[in-house]
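The structure appears right after this line, and notes come after that.
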Amino acid sequence: MAEPESGAESAGAADDAAEALDRPLPEQVRRRVVALVSDAFGGLTVTELPAQLRQYARFTPSRRSRFAGNAMAAALESDPVFRQRIADRLRASQPELADAVESGNPPAAADPVDVAAAAYVLRPGGWVKLVAAAGEEVQRADAERADEAGRRELARLREELAEARAQTRSETERLRTELEAARKEAESLHRKLRSAQSDVKRGEAALRRARADIDAVKTDAAARVSAAESETRRLKARLGEAEAALEASRRAAREGRSVEDVRLRLLLDTVLEGAQGLRRELALPPVSVRPADTVDAVEPGRMSPKDIAARALSETDPALLDQLLELPQAHLVVDGYNVTKTGYPTMPLEKQRLRLLGGLSALAARSGAEVTCVFDGAELAAPVLLAPPRGVRVLFSKPGVTADELIRQLVRAEPPGRPVVVVSSDKEVADGVARSGARPVASVMLLKRLSRLS
């Protein structure tokens with residue numbers, strides 16, 4: 001078997017040297033050659049295939065044609081042994097076509113593409129001419145098909161052109177009819193428009209006259225209304241001034257009498273209670289002074305100035321606050337937030353207020369003094385809902401007024417001579433109330449006193 005294959009290989013090599021294509025295979029012939037190789041591919045063993053085609057051995061014929069077409073065409077051209085094996089498979093599958101091609105007498109009724117593909121694989125004498133003739137036949141058939149398609153397309157276009165011309169003539173006639181109708185309609189509309197324009201001009205003239213009359217009436221009415229409004233405003237202003245003056249005089253008379261009565265009564269109560277307290281402090285006997293009492297001498301049990309200095313109270317001693325509140329008609333005014341932010345700044349404002357007011361209520365009940373607690377209300381968005389405890393007056397400053405200013409107003413409202421105690425660590429507040437006659441004390445003193453109550 002090896003020797004015949006060597007002879008066939010030598011014969012194929014000699015044929016290839018004698019004949020060769022001077023141009024590429026026509027595309028249809030190439031596709032038919034690839035199909036022949038793909039069909040014959042499955043009848044060969046893996047060892048009979050060229051190395052570059054063995055990876056496609058398990059592919060179906062259609063997949064081999066699609067993915068390995070170029071590789072099979074190249075192997076068929078460059079490998080005479082592989083080409084000879086494909087030729088043997090072709091002779092076995094199409095013996096009549098193979099015999100006719102090898103004898104040089106292909107059937108006249110055979111497809112030129114099949115003849116050219118078989119000649120390319122079998123390589124008989126004159127195969128190049130068969131391939132070239134097949135290529136020319138394919139080109140001629142393609143040209144005839146193209147001519148036939150062109151003639152059919154030309155005939156179709158002529159028919160469409162004739163239909164378009166007919167439609168154009170019909171459309172032109174229709175448009176001419178519509179144009180003539182539109183022209184007549186336009187002339188009728190122009191006549192109506194000219195008539196309407198005349199009516200509009202007459203209406204506009206009448207409207208202008210009416211507007212002129214209306215404007216004159218409006219101007220006269222506006223002048224009269226303006227004069228009436230000016231007189232009304234003047235009369236209202238005078239009436240308001242008279243009412244305000246009357247109310248002010250009434251309020252001044254009423255409030256002046258009331259305030260003066262309160263101030264006088266408080267001052268009288270202060271003097272009376274002060275006299276009673278002084279009488280208790282001095283412990284004066286009901287008899288007149290005796291001569292022996294005027295003799296300058298040292299009496300047993302009297303305290304020296306050194307002892308008196310030792311008994312002086314510090315500025316933060318709660319006992320000093322108790323002594324101040326024991327004065328007749330004493331009034332304790334507390335700077336609320338100054339005290340709470342000194343004593344318990346980490347608590348919420350609501351809890352600060354409740355804690356301070358609870359302590360002040362207990363202090364007022366024990367001392368009997370009048371107690372007023374002032375909070376800054378300038379930044380409040382709404383009134384604080386709070387039930388004041390017994391014995392404590394709770395006040396919030398109005399918008400635009402600080403708590404410090406409200407405290408100074410409270411001090412100035414008291415009559416001269418009444419003991420007023422103001423609790424605040426704010427130096428400006430302390431100095432201001434001191435100038436008005438009040439006694440300032442530090443917030444720490446009140447906090448210490450309240451801690452003893454709890």
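Tabulated results
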item	result
Selection status of Val411, modelled with pLDDT of 90 or more, more than 53 Å from the chain's Cα centre (by Cα) and of a type in the set (Val, Ile, Thr)	yes
Flag if Asp142 is surrounded by fewer than 11 Cβ atoms within 10 Å (Cβ to Cβ), at pLDDT below 75 and over 21 Å from Ser38 (Cα atoms)	no
Candidate set from region 58-80 (those that are among the hydrophobic types (A, V, I, L, M, F, W, C) and surrounded by 15 or more Cβ atoms within 10 Å (Cβ to Cβ)); member that is modelled with the highest pLDDT	Phe59
Subset of region 36-53 [farther than 13 Å from Asp79 by Cβ and without any contact (Cβ under 8 Å) to a residue 60 or more places away in the chain]	Ser38, Asp39, Ala40, Phe41, Gly42, Gly43, Thr45, Val46, Thr47
Odd one out for Arg353 among (1) farther than 25 Å from Leu267 by Cα; (2) out of contact with any Asp or Glu (no Cβ under 8 Å at 6 or more places or on another chain); (3) among the charged types (D, E, K, R); (4) open to solvent by 40 Å² or more (accessible area, probe 1.4 Å)	(4)
The listed residue being among the small types (Gly, Ala, Ser) and either under 60 Å from the mean Cα position of the chain (by Cα) or modelled with pLDDT of 90 or more (or both), out of Ala108, Ala182	Ala182
Only one of Arg393, Arg412 that is in contact with a strand residue (DSSP E or B) (Cβ under 9 Å, 6 or more places away or on another chain), of a type outside the set (A, V, I, L, M, F, W, C) and surrounded by fewer than 18 Cβ atoms within 10 Å (Cβ to Cβ)	Arg393
Condition met for Glu273 (of a type in the set (Asp, Glu) and at pLDDT 60 or above)	yes
Residue that is nearest to the chain's Cα centre (by Cα) [pool: residues in region 81-105 that are among the β-branched types (Val, Ile, Thr) and surrounded by 20 or more Cβ atoms within 10 Å (Cβ to Cβ)]	Ile86
Criterion (of a type in the set (A, V, I, L, M, F, W, C), touching a Phe, Trp or Tyr at 6+ places or on another chain (Cβ under 7 Å), at pLDDT below 75 and closer than 18 Å to Leu76 by Cβ) met by exactly one of Ala119, Ala134	Ala119
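Residue by residue, here is whether (1) polar (S, T, N, Q); (2) surrounded by 20 or more Cβ atoms within 10 Å (Cβ to Cβ) holds:
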{"site": "Thr346", "(1), (2)": "yes, no"}
{"site": "Gly358", "(1), (2)": "no, no"}
{"site": "Val374", "(1), (2)": "no, yes"}
{"site": "Glu428", "(1), (2)": "no, no"}
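The values are calculated or read from the model by the stated rules, or taken from the named source; none is laboratory data. Small disclaimer: the values here were computed from a predicted structure and weren't measured. With ideal geometry, Cβ positions are generated from the backbone for all residues, glycine too; neighbour counts draw on all protein chains shown. Side chains are part of the model used for accessible areas, which takes the heavy atoms of the whole protein and leaves out ligands, DNA and RNA. Shrake-Rupley method; radii C 1.70, N 1.55, O 1.52, S 1.80 Å.
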